1. Evaluate region B:231-240: report whether one residue or more is in contact (Cβ under 8 Å) with a residue 24 or more places away in the chain, under 22 Å from B:M133 (Cβ atoms) and not in a helix (DSSP H, G or I).
2. What tally of residues in region C:64-96 results from selecting those that are without any contact (Cβ under 8 Å) to a residue 24 or more places away in the chain and more than 21 Å from A:D92 (Cα to Cα)?
3. Take the residues in region A:333-353 that are in contact (Cβ under 8 Å) with a residue 60 or more places away in the chain and buried (at least 21 other Cβ atoms within 10 Å of the Cβ); name whichever of them is nearest to A:S76 (Cα to Cα).
4. Find the residue count for region C:365-392, including only residues that are closer than 13 Å to C:M169 by Cβ and of a type in the set (V, I, T).
5. For region B:22-40, indicate whether the set of residues that are within 14 Å of chain C (Cβ to nearest Cβ) and not in a helix (DSSP H, G or I) is non-empty.
6. Does B:D123 count as crowded, with 18+ Cβ neighbours inside 10 Å, under 20 Å from the mean Cα position of the chain (by Cα), within 25 Å of B:L284 (Cα to Cα) and within 14 Å of another protein chain (Cβ to nearest Cβ)?
7. Take B:M256 and decide whether it is within 19 Å of B:L223 (Cβ to Cβ) and modelled with pLDDT of 95 or more.
8. How many residues are under 16 Å from B:F376 (Cβ atoms) and assigned to a helix (DSSP H, G or I) if we restrict to region B:8-17?
Amino acid sequence: MEDLKALINEIKNYQANIFGKDFLLTWEKSADELKQILAVADALKMMRSKNISTRVYDSGIAVSLFRDNSTRTRFSFSSACNLLGLAVQDLDEGKSQIAHGETVRETANMISFLSEVIGIRDDMYLGAGNAYMREVGEALEDGYKQNVLPQRPAVVNLQCDIDHPTQSMADLAWLKEHFGGLENLKGKKIAMTWAYSPSYGKPLSVPQGIIGLMTRFGMDVRLAHPEGYNLIPDVIDVAKKNAAESGGKFTMSNSMDEAFKDADIVYPKSWAPYAVMGRRTDLLRAKDHDGLKALEKECLANNAKFKDWECTEEKMKLTRDGKALYMHCLPADITGVSCEAGEVAASVFDRYRIETYKEAGYKPYIIAAMILTSKFADPAATLSKLMQQNTERVK
Amino acid sequence: MEDLKALINEIKNYQANIFGKDFLLTWEKSADELKQILAVADALKMMRSKNISTRVYDSGIAVSLFRDNSTRTRFSFSSACNLLGLAVQDLDEGKSQIAHGETVRETANMISFLSEVIGIRDDMYLGAGNAYMREVGEALEDGYKQNVLPQRPAVVNLQCDIDHPTQSMADLAWLKEHFGGLENLKGKKIAMTWAYSPSYGKPLSVPQGIIGLMTRFGMDVRLAHPEGYNLIPDVIDVAKKNAAESGGKFTMSNSMDEAFKDADIVYPKSWAPYAVMGRRTDLLRAKDHDGLKALEKECLANNAKFKDWECTEEKMKLTRDGKALYMHCLPADITGVSCEAGEVAASVFDRYRIETYKEAGYKPYIIAAMILTSKFADPAATLSKLMQQNTERVK
Amino acid sequence: MEDLKALINEIKNYQANIFGKDFLLTWEKSADELKQILAVADALKMMRSKNISTRVYDSGIAVSLFRDNSTRTRFSFSSACNLLGLAVQDLDEGKSQIAHGETVRETANMISFLSEVIGIRDDMYLGAGNAYMREVGEALEDGYKQNVLPQRPAVVNLQCDIDHPTQSMADLAWLKEHFGGLENLKGKKIAMTWAYSPSYGKPLSVPQGIIGLMTRFGMDVRLAHPEGYNLIPDVIDVAKKNAAESGGKFTMSNSMDEAFKDADIVYPKSWAPYAVMGRRTDLLRAKDHDGLKALEKECLANNAKFKDWECTEEKMKLTRDGKALYMHCLPADITGVSCEAGEVAASVFDRYRIETYKEAGYKPYIIAAMILTSKFADPAATLSKLMQQNTERVK
């Protein structure tokens, strides 16, 4: 138990002020707060491996609201909530009465009388997803203050138009493990690059999340994409500021090769240009199906000009000793496997397949840590209590 | 803990014979039984606020069957079941094999081998919803007696064609809190009135539930609606009989103003006329989409004649000191917010918004109390046991 | 508690090697292993009746994947998982990103980070369902070995193209109860016969499951169907081999009367011919809706030639003393109730209705026993521990 005690002690020593707060963007949290969440995730993972139950709730509801399809985040959220003792109730807007002009403020309160956490995926509309989460958070704050709600549920961003913090934090947890500690990430070169995909309209949240988070820990972050495939300008500014503050670097280019050169880590992934996402948002709102079809056609034609943005064996040779760590949020568009031509060559993906699975495997623990740190004023004390009670998770 | 002990003592002293019985209509329960349920709901709420776990089940299934859309009742039912330790399994008739001419008797048994409660919403077909619940209840009774089922699941009416008891009981719990006790409701004037809405086909269960319940406790209940917007005659008879027995009053009129005059409480809400619901039921059964469209058109045109049935600031001035308590089951059709012209003026709704949320907040506890009193022979003893064990709900 | 102790002792004495293994086909398990599962199911049922909690998991996820509609198996799986303390998370392929060419290997890992069991129904495509389950199992094995997964989830076959083991094992548990022990099944005549139904495309898994399992215990198993309504030849071979090994009998005929003659048990049920299921599989894969319609028409016309394959009172008179036990996996096509002409006469079905419900009632316990024996190395020790802890399931 010494390793667990040490970890709990580490958690105790971080300066964190995240109790009672939502997790919406990584750059709204201090470095210490992010480190605490990583450490809590590690502690929960360790406790589970030691068969120590981490049920901090004997009863309680967790609400999931997915406005876009999801497999791994849905299961990660369910698993995280279950690990803490919460039961998930899905808010299926199709089966609800929400369409009738009900306000967000009202819905947020109605689903929260006995709820401890609300996880939301809302990544379809540029300018809307994160704003919606904030609106929910404010409604909950108000409901709690007005004694409508006996507790203030925490909102967890399960992917929005701006950030995908449960993904980027899981990625960071994996890098921490892979490189043997956060301090070892200092100076490491990470290439966050666009990659070709035969589909279009992929959210910007992953690349934005990566450049917004990895610049916090002194890494050399390189963003590369074809001309026109820009991210949201505000997030670029965040990345620049972060890099300056953490002693890292943040550079941009239109060359995959340049980004891959001597990289320690590569993260090649497709996304739709910021401007396209804006047009798409307008068309979705207007329910202009013909417009959407036309936009898709135009974009796919444009994408097709950049089929060489593929993470091939040749490209991998450009990286440090030809052995950069390949990362992906999954599912990847794998050439010859899931599509004719895609983001990554099959041989490259296959070599790193198990690593990408391990990367994904951190997500349930990260989500559970986000919940625990938001809902418990002294997470170290809570974890200590669990350790001392030592209830078996499995008999 | 003295307040909790007093409450448990109160629960003990009620003469109740609801163990093993379904909750289908409030008027099938005695006043003492309803009071016991209110007190159990209060006790569960108090225990939760004191962080005492109310899990009476270490395992067990609760079945939800929603034949109509639902947000707040769905979440209330989930929350109630979770509070008692039950896991909800939804019976989605679209994903089941039920269409194949399977009998209600069979389905009821098949979903109940390890189930403790079945919550049903079935409010679309006049003459059918409550009857269906009874059919399920009889099938369960039979299955239990024949040793098919090791326990008899309780059926809870989550809204039918006749009553909406989880709503009306939550409303009553809220009135009990607001006015400082049930005895203070004696003589209070409550106006249950129709109100204009741009939609049609709203169930009759809420107004019927309100006049059927509030007449039990000596209130002066005034039902008002435009000519033709009648409720089910049998329920009117119930309300009359209740008022006579409880020393209250029950009057009907076609004037919103008359009903609002000096009212202590107003509950303005749209519904479809009884006769229309009957025609609608026939058309739904016949899957006559054109007929349904025509009926909708006719009804909306008729509704439009009564746009002045809106709970405006002027109307509110008619009430006692201009300050009657506004109630609604939510979501309300708010003029200028959720529709152009609706049931209530935005300024009125906004002034009472938090109150309507608190009203809604009782529903999970009411449902949990209905389950507990139906499944546990001595609810006071069960609650005492929970109090003594004093397991933390949240660590 | 003596009866429970005796049962646990029985469980201890079976030679079983099923720990860590999936349950995909009954004929992949030894007779002792099947007996152990039956005994564990009985023990779980007995413990529940004695109000002893059987939660072996304080937290943990169970995944359900239904590629075909299901009511009773869905509820049985949920109930079984809940009985052991697991929360069910449904994998709804329509709401996931699985369509994007993601590999089975990847999905299997992504949903399993904190999962203990995966229940799968996949019975639409001949040659595919069981193969899919194996692919999932291999992916999980690989993920576990490569440290992607902290535990190896057990796969439970909730019906495939070949077998329906949770059904046939529940049927066997029911026969064990009804005839007072497995040893009493020796020599008992069971008629597994085709029966007429106005629908088509019913899976082969039930008749195949029955002849594959009941031949294990010395029964005289008679398969009868109209010419052309063959089952998968491999399964016929399995049944022959089983009968030879167990000292039982396995015969085939094209006469319902012959099969019913002196039968102790009859199991009349419709299915589609093997060859038709093959053609149907091709058409489904090709999404050939016209082809499917044509095939349906052809098959229904063919079925109609065999309307006399109905379990009537006359047919029942052929059985031992006219009192064979009627069995069905439900829902049955009952003449005059769920269809004009079907598998069974209403009077016959009604006489055995309660028995068929009891038969179905074993399914949750059988599934729970399959999970427990796959996940716990020493199920007798685990059950002993539960018995000694004696936690109340219901307070």
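1. There is at least one residue in region B:231-240 that is in contact (Cβ under 8 Å) with a residue 24 or more places away in the chain, under 22 Å from B:M133 (Cβ atoms) and not in a helix (DSSP H, G or I).
2. The qualifying residues number 1.
3. Looking only at region A:333-353, we keep the residues that are in contact (Cβ under 8 Å) with a residue 60 or more places away in the chain, and these are A:333, A:339-344.
Add one more test, that the residue is buried (at least 21 other Cβ atoms within 10 Å of the Cβ), and what stays is A:333, A:342-344.
Details: A:D333: 21, A:G342: 26, A:E343: 24, A:V344: 25 Å.
Once the filter is applied, the top-ranked residue is A:D333.
4. At the first step, the residues of region C:365-392 found to be closer than 13 Å to C:M169 by Cβ are C:365-371, C:373.
Add one more test, that the residue is of a type in the set (V, I, T), and what stays is C:366-367, C:371, C:373.
So the answer is 4.
5. As a first pass, look at region B:22-40 and keep what is within 14 Å of chain C (Cβ to nearest Cβ): none.
No.
6. Values: crowded, with 18+ Cβ neighbours inside 10 Å: yes; under 20 Å from the mean Cα position of the chain (by Cα): yes; within 25 Å of B:L284 (Cα to Cα): yes; within 14 Å of another protein chain (Cβ to nearest Cβ): yes.
Criteria met by B:D123.
7. On the way: within 19 Å of B:L223 (Cβ to Cβ): yes; modelled with pLDDT of 95 or more: yes.
Here the answer is yes, as B:M256 does meet what is asked.
8. Matching residues across region B:8-17 total 3.
The values are calculated or read from the model by the stated rules, or taken from the named source; none is laboratory data. A quick note: this is a predicted structure, and the numbers were derived from the prediction, not measured. Please note: Cβ atoms are built from the backbone with ideal geometry, for glycine as well, and neighbour counts cover all protein chains shown.
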